[in-house]
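Just so you know, all these numbers are worked out from the coordinates, no wet-lab data involved. As the structure is a prediction and not an experimental result, all values here were calculated from the model. Cβ sites come from the backbone with ideal geometry, for glycine too, and all protein chains shown count toward neighbours.
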Amino acid sequence: MEIAKVCADFLKKSEFITYMGIELLSLDEEHARGRMPFVEKYKNPYGSMHGGSLYAIADTIAGTLANMGGMAVTTVDGSLHFLAPAMDTEYIYCDAKLRKGGAHLITVDVDITDDKGKLLDCGCFTFYKTAQKLLDD
């Protein structure tokens, strides 16, 4: 089984990711794209999407890209800069791009946009490669 399919299937095992409605749209060795619906339960008191929801999709899609090395990863650090409120959109999109794939640490940049392609958030996540293989030899 190819690693991209393993990574996509891995997401489906998480009740949290399923609850949030996070979907993986595309995945290769250098880029991942996902989306999450903009729904009432994810809004903050101001009517925009709660920052925790935005962080969740960023961490999920970036981590999925980091898994493409074939080893399970865990988040070491993540930063997300909230540039504009997420409002008036059907979906929130996250694009993750590999910045550096190291022997132990993997760094991934993320951009979050709305349906119109407006940049809402940007950030960077670092993951640690564990010893757990995602594929059998």
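So what does log10 I(q)/I(0) come out to for segment 1-107 at q = 0.18, 0.20, 0.21, 0.23 Å⁻¹, using the Debye formula with one equal point on every Cα and no solvent?
Cα-only, vacuum Debye calculation for segment 1-107: -0.88, -1.05, -1.14, -1.31.
Which is the longest stretch in the chain that no exposed loop site breaks, taking sites as trypsin sites (Lys or Arg not before Pro) with a DSSP loop state and at most 14 other Cβ atoms within 10 Å?
On the way: sites that count: 12, 13, 116, 118.
In the chain, the maximal stretch lacking such sites is 14-115.
Which aspartates and glutamates, on any chain, are close to residue 97 with Cα under 15 Å apart, when same-chain ones fewer than 8 places away are left out?
Output for residue 97: 28, 29, 30, 59, 109, 111, 121.
Would you mind checking the tilt of helix 51-66 against the longest principal axis of the Cα atoms of the chain, expressed as 0 to 90 degrees and rounded to 10?
20
Using DSSP to define loop residues, name the chymotrypsin sites (Phe, Trp or Tyr not before Pro) in segment 40-104 whose beta-carbon has at most 16 other beta-carbon atoms within 10 Å.
Within segment 40-104, the qualifying chymotrypsin sites (Phe, Trp or Tyr not before Pro) (loop, at most 16 other Cβ atoms within 10 Å) are 46.
Would you please give the residues with an amide H less than 5 Å from that of residue 86, counting only those at least 5 places away or on a separate chain, with H modeled from the backbone geometry?
Amide H neighbours of residue 86, under 5 Å, 5+ apart: 49.
Rounded to the nearest 500, what is the chain's calculated 222 nm mean residue ellipticity when only DSSP H runs of at least 4 contribute -39500 (n - 2.57) each, over all residues?
Values: 3 runs with 31 residues, N = 137.
Only helices count here, giving -6500 deg cm²/dmol.
Would you look at the GNM of the chain, springs on alpha carbons closer than 10 Å, and say which of 120, 83, 24 moves the most?
83
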